[in-house]
Amino acid sequence: SDTTEAARVFTRLAVAVAIALGIAFSLKKFLRLETVLMIIAVLAVIQSLIGLGQFLQQSSLGLSFLGEPKIAPDILGVAKIEVGGEKILRSYGTFPHPNILAAFLLLGLFSLYYFWLITDKPIFIAGGIAAVLLGLTLTFSRTAWAIGALLSIIWIFYHLNSELDRRRAMSLLWLVLGIGFLLVLIFLPYFIARFGVSADEPAVSLRATYNKIGIEIIKSHPLGVGIGNQVGYATQNGLYEKYGLAESWQRQPIHNLYLLMASEIGILGLLAFLMFLSRIIIHNSSFTIPAVMLIALLLFGLTDHFLWTQREGVLMLWITIGILMGAKRPS
């Protein structure tokens, strides 16, 4: 029922917020930022290796005890791309969808950037960056590719302006460009397949339709239809059918974090959330890695809903918020 779903979503959100506050408190009192970022970086490398194994085997690796879903190119509903008429599995890692894996790998990538600037043994960090960039490639997430490229360029050039960081920022730039060039050469047919974006393809057209549904709900219910209730409300009121989405699998949440939040908790709820995020980002005024990590997730929210609807996404978002809240403000 809608009440049960609302309670589940609220409980999940409350737990995630509590974890964020715990992380923020720990970072202010006794936990080092380097420790948290190292954990994220190591886990990202592990997830990338799992994703590589899934790509090579074109199926799940039997890691269901770690949360790995059952995946294969011939399973209905599993994310895949088509290259030369052949269906190719997108890497999931142990996440429910490749896009969620890609978002986590972005957090790992930026964590590794942090260590590149401070470590005396960059060879290990270089290997980690190469592994995570490979993992990102195999998710075939165009959104993650765009966000990763954009924020990498901005962050590296930001540090090129610092005399203290300039040499290592320049070496990082050449490293990322070199690895990126090799990945494009190796996976060129896959890149070509993914960059052939059309307004008629489901990934694009469905998102546009979901956004229209979200806007209609917000106009009729500016205070929201209740947390966790967007899909139920749209189903009960025939909004999916109205926009030509007659199949049951098409009854999905709005693929835009901000429209989804506004439709469920209202425009005021969304504005309060955005004001809270702006406050903690501005408070951490320098272009620090925790701020970059949060910005990456918020950009991902423009094209997906998992930061609000999926347990892994909710935890990812609020853990990142907790890290930024607890990180010491640059002097």
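Could you tell me which residue of the stretch 281-295 is most open to solvent (accessible area, probe 1.4 Å), considering only residues that are modelled with pLDDT under 85 and in a loop (DSSP other than H, G, I, E, B)?
Of the stretch 281-295, the ones modelled with pLDDT under 85 are 283-287.
If we keep only those that are in a loop (DSSP other than H, G, I, E, B) too, we end up with 284-287.
Numbers: 284: 5, 285: 75, 286: 39, 287: 47 Å².
Residue satisfying both the conditions and the ranking: 285.
Does residue 46 satisfy being part of a helix (DSSP H, G or I), under 21 Å from residue 109 (Cα atoms) and either free of Cβ contacts under 8 Å to residues at least 60 places away in the same chain or basic (Lys, Arg) (or both)?
yes
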When (1) under 22 Å from residue 109 (Cα atoms); (2) open to solvent by 40 Å² or more (accessible area, probe 1.4 Å) are applied to residue 271, the one that fails is (1)
Note on the stretch 143-154: residues under 17 Å from residue 114 (Cβ atoms) and either modelled with pLDDT under 95 or open to solvent by 40 Å² or more (accessible area, probe 1.4 Å) (or both) are 153, 154
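Going through the stretch 233-268 one residue at a time, which ones are assigned to a helix (DSSP H, G or I) and open to solvent by less than 20 Å² (accessible area, probe 1.4 Å)? Don't jump to the end; show me each part of the working.
Restricting attention to the stretch 233-268, the residues satisfying the condition of being assigned to a helix (DSSP H, G or I) are 233-236, 239-242, 248-250, 257-268.
Across the stretch 233-268, the qualifying residues are 234, 239, 240, 257, 260, 261, 262, 263, 264, 266.
Give me a count of the residues in the stretch 79-96 that are surrounded by 15 or more Cβ atoms within 10 Å (Cβ to Cβ) and either at positive phi or free of Cβ contacts under 8 Å to residues at least 12 places away in the same chain (or both). Explain how you work it out, then say what you get.
Going residue by residue through the stretch 79-96, those that are surrounded by 15 or more Cβ atoms within 10 Å (Cβ to Cβ) are 79-81, 83, 88-96.
Narrowing further to those that are either at positive phi or free of Cβ contacts under 8 Å to residues at least 12 places away in the same chain (or both): 80, 93.
Qualifying residue count, the stretch 79-96: 2.
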The lone condition residue 58 fails out of (1) open to solvent by 40 Å² or more (accessible area, probe 1.4 Å); (2) out of contact with any strand residue (DSSP E or B) (no Cβ under 8 Å at 6 or more places or on another chain); (3) in contact (Cβ under 8 Å) with a residue 12 or more places away in the chain; (4) closer than 19 Å to residue 136 by Cα is (2)
Over the stretch 193-223, the set of residues touching a residue at least 40 places away in the same chain (Cβ under 8 Å), open to solvent by 70 Å² or more (accessible area, probe 1.4 Å) and farther than 13 Å from residue 260 by Cα is 195, 197
For the stretch 112-160 the number of residues that are under 14 Å from the mean Cα position of the chain (by Cα) and more than 17 Å from residue 184 (Cβ to Cβ) is 3
- Query: Quick one: would you say residue 227 is open to solvent by less than 10 Å² (accessible area, probe 1.4 Å), in contact (Cβ under 8 Å) with a residue 60 or more places away in the chain, farther than 23 Å from residue 92 by Cβ and not charged (D, E, K, R)?
  - Reply: no
Contact list, first residue from the stretch 147-167 and small (Gly, Ala, Ser), second anywhere and part of a helix (DSSP H, G or I), beta-carbon distance below 7 Å, six or more apart or interchain, is 148/106; 148/109; 148/136; 152/176
The one condition residue 48 fails out of (1) over 15 Å from the mean Cα position of the chain (by Cα); (2) more than 19 Å from residue 304 (Cβ to Cβ); (3) open to solvent by less than 40 Å² (accessible area, probe 1.4 Å); (4) at pLDDT 95 or above is (1)
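The values are calculated or read from the model by the stated rules, or taken from the named source; none is laboratory data. Worth saying up front: this structure is predicted, and the values here are computed from it rather than measured. Note that we place each Cβ from the backbone using ideal geometry, even for glycine, and neighbour counts take in every protein chain shown. SASA here: full protein model, heavy atoms, side chains in, ligands and nucleic acids out. Shrake-Rupley method; radii C 1.70, N 1.55, O 1.52, S 1.80 Å.
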